1. State which residue pairs qualify: first residue in contact (Cβ under 8 Å) with a residue 12 or more places away in the chain and open to solvent by 20 Å² or more (accessible area, probe 1.4 Å) and inside the range 262-275, second residue part of a loop (DSSP other than H, G, I, E, B) and of a type in the set (S, T, N, Q) in any location, beta carbons under 7 Å apart, and separation of 6 or more residues or different chains.
2. Considering only residues that are touching a strand residue (DSSP E or B) at 6+ places or on another chain (Cβ under 9 Å) and assigned to a helix (DSSP H, G or I), look in the range 344-368 and name the one that is surrounded by the fewest Cβ atoms within 10 Å (Cβ to Cβ).
3. State which residue is nearest to residue 340 (Cα to Cα) when the search covers only the range 412-450 and only residues that are among the hydroxyl-bearing types (Ser, Thr, Tyr) and within 28 Å of the chain's Cα centre (by Cα).
4. Can you name the helices (runs of 4 or more DSSP H) wholly within the range 1-104 that have at least 2 residues being more than 24 Å from residue 176 (Cβ to Cβ), under 22 Å from the mean Cα position of the chain (by Cα) and at pLDDT 95 or above?
5. So in the range 143-171, with the set limited to residues that are of a type outside the set (Asp, Glu) and under 17 Å from the mean Cα position of the chain (by Cα), which one is nearest to residue 222 (Cα to Cα)?
6. Could you list, in sequence order, all residues of the range 219-270 that are of a type in the set (A, V, I, L, M), more than 23 Å from the chain's Cα centre (by Cα) and assigned to a strand (DSSP E or B)?
7. Select from the range 281-293 the residues that are open to solvent by less than 60 Å² (accessible area, probe 1.4 Å) and in contact with a Lys or Arg (Cβ under 7 Å, 6 or more places away or on another chain) and list them in ascending order.
8. Within the range 294-343, take every residue that is among the charged types (D, E, K, R) and open to solvent by 30 Å² or more (accessible area, probe 1.4 Å) and give me the one that is nearest to the chain's Cα centre (by Cα).
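The values are calculated or read from the model by the stated rules, or taken from the named source; none is laboratory data. Keep in mind that what you see is a predicted model, and the values were worked out from it rather than measured. Note that each Cβ is placed from the backbone with ideal geometry, even for glycine, and that neighbours are counted across all protein chains shown. Note: areas computed on protein heavy atoms with side chains; ligands, DNA, RNA excluded. Shrake-Rupley method; radii C 1.70, N 1.55, O 1.52, S 1.80 Å.
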Amino acid sequence: MAYDYDLFVLGAGSGGVRAARISSGFGAKVAVAEDYRVGGTCVIRGCVPKKLLVYASHFGEDFESAEGFGWQVGEAKFDWKTLIANKDKEIDRLNGLYIKTLEGAGCEIIMGRATLEDAHTVRVGDKTYTAKYILIAVGGWPTLPDVPGIEHAITSNEALHLDDLPRRVAVVGGGYIAVEFAGIFNGMGAETTLLYRSEQILRGFDRDLRDRLNDEMSKKGMNVRTETNVTAIEKTEGGLTLSLTDGSTMEVDAVMYATGRKPNTDGLGLEEVGVQLAKNGAVIVDDYSKTSVDNIYAVGDVTDRVQLTPVAIKEGHAFALTVFGDTPTRPNHDAVPTAVFSQPPIGTVGMSEEDALKAGHKIDVYTSDFRPMKHTLGGSTERAFTKMIVDQDTDKVLGAHMIGLDSAEIIQGIGIAVKAGLTKAQFDATIAIHPSSAEEFVLMRTKRDG
């Protein structure tokens, strides 16, 4: 049968764009459908605009630190509208670059929401297209709980487009999006409360990092309230009244929920054509990203494997190699380095202490607790912390973790070493770069007691 395209991609996010571009490079005729803007969650409404706001929120502390280095900073003023307008210009620029990338690779962009009519037929608006292979790369979407008054809440999507900075804001959730936005709002001067239903923030991360981030956020003026949740939201003349699980109430101008995301598969017609979905709507795939239908694949957040943009890109590239490059390739999800752009930031790769023990490893733990050099004259009391998990039997470094200044930048290089399976002795044999915070990873010599 002759098809209109060799590959039809649903979703022009990072994973879909990479898959389309590489597949086209192998000679495939490719179309990509997108119902909003090219670039996906990360570029349009996620990590890129969010990190721009993180940068903006740090300037207040930088101005305070400048005096210790001899700089006299005049009266500082912050304008939210200017920041958002400049952020939007940058997102427009990136959106244009992604369009040029696809078109330059010979891919056709079809604007509109695509749905499947059968295993080889896609509908966009009033037109249908056929393809030999279909790739689902539609990402995820924020979810909101069933709470009275939830229609008054916002998610990270809306937080990036607020007309004004709220004077008082509550962030509900304890994951990386929640702690990042709490830091953003607080750094820009908003009275910020983080509400999390469990006993400590950042579930799934190493416990030492979780505890230290809570402490540092509190020291910066954020009101971190664990084991506390919202039971109702009421709109009032003065803003919003939140009823909490401990029986108290609080008044805010905005409440942002960051309590989870779900695969964006509703209404795509996947189950109707035989694609199996998990209970949360995630597309179930094998090691090569193939679904239960032989010619339909899925990559990125829609598969709910590892919800990170670089992972989606790797999965998209592996798909193209497998299907069109005659090189079957499994995306590897082991030892994925990641960062939380909290304040202070976190960088981590490999196993946490808890994960290593649960997996049955006998481990040695090395730690370092120090004040970054920048803070010695700047006056900040913020401390940094590094941690290394080492297998006793093999000396292999199972995990490396850091919280503190520049940790996200530092952990990228450490991630290469952990991914390569290097030993603690090889770390120890590496010359330190001095003075730096990164050097702590090659200077830790004393095992932690207990």
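1. 262/143; 262/280; 274/292
2. From the range 344-368, those touching a strand residue (DSSP E or B) at 6+ places or on another chain (Cβ under 9 Å) are 344-353, 355-357, 359, 361-368; that's our starting set.
Among the residues that remain, those that are also assigned to a helix (DSSP H, G or I) are: 353, 355-357.
On the way: 353: 22, 355: 15, 356: 20, 357: 13.
Out of the qualifying residues, it is 357.
3. Applying the first criterion (among the hydroxyl-bearing types (Ser, Thr, Tyr)) to the range 412-450 yields 423, 430, 436-437, 446.
Narrowing the set further to residues that are within 28 Å of the chain's Cα centre (by Cα) leaves 436-437.
Values: 436: 20, 437: 17 Å.
Out of the qualifying residues, it is 437.
4. Working: elements: 14-25, 47-66, 80-104.
Hits in the range 1-104: 80-104.
5. Pass one, the range 143-171, residues of a type outside the set (Asp, Glu): 143-145, 147-150, 152-157, 159-162, 165-171.
Checking the rest, the ones that are also under 17 Å from the mean Cα position of the chain (by Cα) come to 143, 155-157, 159-160, 171.
Working: 143: 24, 155: 19, 156: 18, 157: 22, 159: 18, 160: 20, 171: 10 Å.
That would be 171.
6. Initial filter on the range 219-270 (of a type in the set (A, V, I, L, M)): 222, 224, 230, 232-233, 240, 242, 244, 250, 252, 254-256, 258, 268, 270.
Applying the additional criterion that residues be more than 23 Å from the chain's Cα centre (by Cα) yields 230, 232-233, 240, 242, 244, 250, 252, 268, 270.
Correct list: 230, 232, 233, 240, 242, 244, 250, 252.
7. Residue satisfying the conditions is 281 alone.
8. Just the residues of the range 294-343 that are among the charged types (D, E, K, R), to begin with: 294, 301, 304-305, 314-315, 326, 330, 334.
From what's left, open to solvent by 30 Å² or more (accessible area, probe 1.4 Å): 294, 301, 304-305, 314, 326, 330, 334.
Details: 294: 30, 301: 10, 304: 13, 305: 13, 314: 15, 326: 31, 330: 22, 334: 17 Å.
The selected residue is 301.
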